[in-house]
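Asks: Here it is, the structure in full.
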């Protein structure tokens, strides 16, 4: 009887300790998302995440064919750099100048007309696939895409997704521990978190929140860079017409088309003054 009671009390203490530890971890590992002010979980250091991002980025580039179309490459880099500069200026104005050290922006165009996708990794390494350019049509359409993807980077969505995955699927509290104990599983998780591998659905409920945040922040970034945020609506209408039975990778985890466009319309008044100020 005493042993049973002792075990029960011991188990309760363990559970309480774990709960306290979890709450403590949450309190010390939260960061605020710019503009939306949502608290997000970040268990991974920026240096760890950026190191892995750079490794994965180089691997993707080695396995891909880079575009040799000078005009298209220049467009991607021109628009990307303008969005990146707007993002950095925004962070400075928000008192986050110290975070600029985490970004080393680089924009490359991958020659793959079947891939309708674009992404920006933590740290600012970015890729656009040629398959999305006909939908972008011009610099402003591309600014919608890259504004959205750069927004993911400065909002820390990558850190949050990896942190959630570490806790939920690998039982590890740090990226270095997961890499040492389960290197392949950790790499697969990382690739899935950034849409670079098979979508296993681990973080789908969270990614829709991230996508909506990136839409909102991205409109502000493109407007600050001098691109009309109102052009986001026709861009997403064009994107939604090509989905078919299987949506492009770029929108596979996004909100439903009409919901997304309705939300974007509600975000435009927030972004538009920045664009008008640039004119």
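Asks: For residue 270 and residue 31, compute 0.36 nm times the residue count separating them, minus their Cα-Cα distance, and round to one decimal in nm.
Replies: Contour length minus Cα-Cα distance gives 83.8 nm.
Asks: On average, how much area does the Cα convex hull of the stretch 40-92 cover when viewed from any direction, in nm²?
Replies: Across all orientations, the stretch 40-92 yields a mean hull projection of 5.4 nm².
Asks: Could you order the peptides 140-147, 39-46, 82-89, 70-77 from most to least packed, using the average number of other C-beta atoms within 10 Å per residue?
Replies: Sorting 140-147, 39-46, 82-89, 70-77 by mean packing, highest first, produces 140-147, 82-89, 39-46, 70-77.
Asks: Let me ask something else. If you rank 242, 35, 264, 217 by fewest surrounding Cβ atoms within 10 Å, what's the result?
Replies: The order, fewest Cβ neighbours first, is 242, 35, 264, 217.
Asks: Using only the Cα atoms of the stretch 60-130, each taken as one equal point scatterer with no solvent, compute I(q) by the Debye sum, divide by I(0), and report log10 of the ratio at q = 0.18, 0.19, 0.23 Å⁻¹.
Replies: Taken in order of the listed q values, log10 I(q)/I(0) reads -0.71, -0.77, -0.99.
Readers should treat all values here as calculations from the given coordinates under stated rules, not as data from a laboratory. Remember, predicted model here, so these are calculated numbers, not experimental data. Methodologically, a virtual Cβ is constructed for each residue, glycine included, from the backbone with ideal geometry; neighbour enumeration extends over all protein chains shown.
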